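This report refers to the structure that appears directly beneath it.
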Amino acid sequence: MFDIGFWELTMISVVALLVIGPERLPGVIKTIGQWVGQIRRMFASLKTEIEREANVTELKNTISKESERINKLMDEALDVIEGQEPASGKSSTSMEEKTPSTSGAKPSTGYDPE
């Protein structure tokens with residue numbers, strides 16, 4: 001960020017000592033330190049809030065995509081229940097194909113009560 005070396009800090013310290021004076025310099029340094037701390041906390045809070053908002057936006061997008069997917073699946077299921085082919089054009093098995101055909105013959109259980 002800033003490239004301040006040893007000599008720059010020394011020059012700033014000497015000028016501050018001459019301008020402010022040795023009596024008030026510790027109080028000024030303390031005040032500047034408090035301001036820097038408040039600015040850092042403010043930026044950290046801002047960064048956290050932006051990250052939180054980005055996560056909320058990402059979650060909203062995910063929820064809307066999943067909602068669309070669920071609605072599509074529900075529509076396909078209703079089409080299958082009604083005996084129609086799904087609207088998506090995909091070949092899926094209907095309810096008749098999944099159930100065994102009953103041609104009038106009773107299933108063999110191995111036990112005949114008659």
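Any read-out appearing in this document is the output of simple, stated calculations on the displayed coordinates, not a laboratory observation. For clarity, every value in this text was computed on a predicted model and none was experimentally measured. When we count neighbours, we look across all protein chains shown, and the Cβ atoms used for this are built from the backbone with ideal geometry, even at glycine.
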Within segment 27-52, backbone nitrogen closer than 19 Å to the virtual label 7 Å beyond the Cα of residue 9 toward Cβ | 27-37, 40
Order of 20, 70 from fewest to most other C-beta atoms within 10 Å?
-> 70, 20
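Step by step: find N for segment 28-73, compute 2.2 N^0.38 Å, then divide the Cα radius of gyration by it. What's the final number? The partial results should precede the final answer.
On the way: Rg = 20.0 Å, N = 46, 2.2 N^0.38 = 9.4 Å.
That ratio works out to 2.12.
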Point-to-point label distance, residue 48-residue 35, nm (Cα→Cβ direction, 7 Å offset) = 2.5 nm
Sparsely packed chymotrypsin sites (Phe, Trp or Tyr not before Pro) within segment 1-57, loop by DSSP, other Cβ within 10 Å at most 15 = 2
